[in-house]
Amino acid sequence: MSVTYLEYSDPNGAEHKFYEVTVDGADLTVRYGRIGTDGQTQRKTFPSPEKAQAEAEKKLREKRRKGYEDAVQGVRQKREVVRRTFTETRSTTRQSAPLLWKFDTKATAFGIFAGDDQVWVGNEAGQVHALSPDGEVQRSFTLPDGVKCLVRDDRWTFAGCDDGNVYDLSGKLPFVAYEVEGSAALLWLDIHAGTLAASDWDGNVFAFDAESDQQWANVATGGKMGWMVRVDDRGVYYGHSSGVGMYDRTSGLPLWQARTRGGVLFGWQDGQDLYAGTTQNLIQRFTKAGEHVQDYACDAAVLSCATSPGGEYVFAGDSGSAVYCFTRTGERLWKLGSGVGGALSMQYSGGRLYLVTSRGTLAALDASPEAIQAAQRGEAPAPRDVKLAAAAQVSAPLTQLAVTADSGQGVRLVCERDGTRLRVRPTTPGYHAWNVQFPRNLREVGATYLVEDLVDAGGFYRVVGDIRRVG
């Protein structure tokens, strides 16, 4: 038996991958993936040991041409994972916020997305749950690593995990839609119109297209701890220990940078404005041209912030487990205790402020004036405890596809080699020859697939419905 192990690191340090080939008689085994993980495995039996060895040598030649080098497994380590740590100070307010319901996820939670029909939460244990606005658990997923954030791109929901994988949660089973390679700890992700932006512990910012191909990478200048990254049509906005700034979305060219008072711990965008929560007890509002226009003063370090539509109201959560509301012009309207820990992320939707906390709680706060006034009088109701049903089905990521019968119903896709990449494109008449956002670990040259439908996502397609391999 012979084993050959190769590794690859790109010049920007954004990709660290391995490729291992094992020949045992007529059996060929290929294992590949991100360094520090088990990766994916493919096995094939050939008519003779000689043919297996010839195929192995062919694959190794291809990888070496792409820059892979012989290495010793275990020397290069997997990406470091950083958990946000802070000293939770004693609450400085006795009034409790009017929580409608709360859901204990059993682990510290960072990820949240609140829409009109569902509220999503993801925690450090890799568990993701989707609930109705009234607190009914509707869907659950278990991902392989801790969830840093939940983001929405049109009608697709994605979970960004500590290991750099970004999972599409829109179907019955999640699958890897983006892969953010790197050695520094990944801190935050955002997505818009197929462009995924990521920021890391070193303050670096990366942008990826819908095929998870890196478009550009920018090494941080003067700042660490990139806890803020946001994307819109024009640019990628970041925040780190020294301030905030903007890169051109397409080219990655730096457009502006501005200092903040204290390091940035969280970032939000709304319309033409950016909001940076800082270690100096402030939310600082900047225009997207880089002009500082407003401060919102809290009583402890700001861990998270959000706004109502148009920035009419600005909300904050601090390290003292307090929640704030300000007018757009900076007047503090109220401060109330969350009762469920420090809000590590938050989002406003439909008159409610949804929080995820250091204690692993997802909570719905009634932000109506009537409920707030009652809470300030000490009349906040006891929140309803939401329980996860014992029989609730939990979905794990899609890792392999068996070949099934070809029903002929749906859109047919084919996997083809395009230079050094494997691309998936539709072959059914009536569709453009665009790339399809498709799980990398399921791609195999020459394979054909059927899906329910494809949706134009602006120059590429996204899959609707389950994926079936038919050849």
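See the values below:
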{"quantity": "Shape category assigned to the range 320-397 from the gyration tensor of Cα positions, a/c cut at 1.5", "calculated": "prolate"}
{"quantity": "Simple label model, 7 Å out from Cα along Cβ direction - Ser407 to Tyr5, nm", "calculated": "4.4"}
{"quantity": "Length-normalised contact order for the range 274-331 - Cα pairs under 8 Å, 6+ apart - percent", "calculated": "27"}
{"quantity": "Degrees separating the helix 49-65 axis from the principal Cα axis of the chain, which is the longest one", "calculated": "50"}
{"quantity": "Cross-link partners of Lys224 among lysines (Cα-Cα below 29 Å; sequence separation of 8 or more within a chain)", "calculated": "Lys17, Lys78, Lys148, Lys288"}
{"quantity": "Apportionment of accessible area to carbon and sulfur, the chain, percent (1.4 Å)", "calculated": "46"}
{"quantity": "Share antiparallel - DSSP beta bridges, the chain, percent rounded to 5", "calculated": "95"}
{"quantity": "Proximal charge balance of Ala364 [Cβ under 10 Å; K/R count +1, D/E count -1]", "calculated": "+1"}
{"quantity": "Residues of the chain: accessible area per residue with a 1.4 Å probe, Å²", "calculated": "43"}
{"quantity": "Label-to-label distance, nm, for residues given as Val464 and Asp248 (7 Å Cα→Cβ offset)", "calculated": "3.6"}
{"quantity": "Rg and Dmax [Cα atoms of the range 257-372; Å; Rg one decimal, Dmax integer]", "calculated": "13.0, 41"}
{"quantity": "Relative contact order of the range 316-471, pairs being alpha-carbon contacts under 8 Å that are 6 or more residues apart, as %", "calculated": "13"}
{"quantity": "Sequence-distant aspartates and glutamates (8 or more away, or on other chains) whose Cα lies within less than 19 Å of Lys44", "calculated": "Glu20, Asp24, Asp27, Glu55, Glu57, Glu62, Glu444"}
{"quantity": "Dipole of the chain, positive direction: furthest Cα of Ala198, Gln127, Ala71, with charges on the beta-carbon", "calculated": "Ala71"}
{"quantity": "Residue-averaged [θ]222 nm for the chain, counting only DSSP H segments that reach four residues, each worth -39500 (n - 2.57)", "calculated": "-1500 deg cm²/dmol"}
{"quantity": "Three-way shape label, the chain, alpha-carbon gyration tensor, a/c 1.5", "calculated": "prolate"}
{"quantity": "Most to least packed among 220-228, 135-143 [average Cβ atoms within 10 Å]", "calculated": "220-228, 135-143"}
{"quantity": "Computed accessible area, Glu370, all protein chains, 1.4 angstrom probe, square angstrom", "calculated": "130"}
{"quantity": "In nm, spacing of pseudo-spin labels at Gln42 and Arg384 (7 Å Cα→C-beta vector)", "calculated": "5.0"}
{"quantity": "Relative contact order of the chain, defined on C-alpha pairs under 8 angstrom at six or more residues apart (%)", "calculated": "13"}
{"quantity": "Karplus-derived 3J(HN,Hα), 6.51/-1.76/1.60, for each residue of the range 16-24, Hz, glycine and proline x", "calculated": "9, 10, 10, 8, 10, 10, 10, 10, 10"}
{"quantity": "Built amide H within the under 5 Å cut-off of Leu333, gap 5+", "calculated": "Cys325, Phe326, Thr327"}
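The values are calculated or read from the model by the stated rules, or taken from the named source; none is laboratory data. Since we're looking at a predicted model, the values are computed, not measured. For neighbour counting, all protein chains shown are included, and Cβ atoms are generated from backbone atoms with ideal geometry for every residue, glycine included. SASA here: full protein model, heavy atoms, side chains in, ligands and nucleic acids out. Shrake-Rupley method; radii C 1.70, N 1.55, O 1.52, S 1.80 Å.
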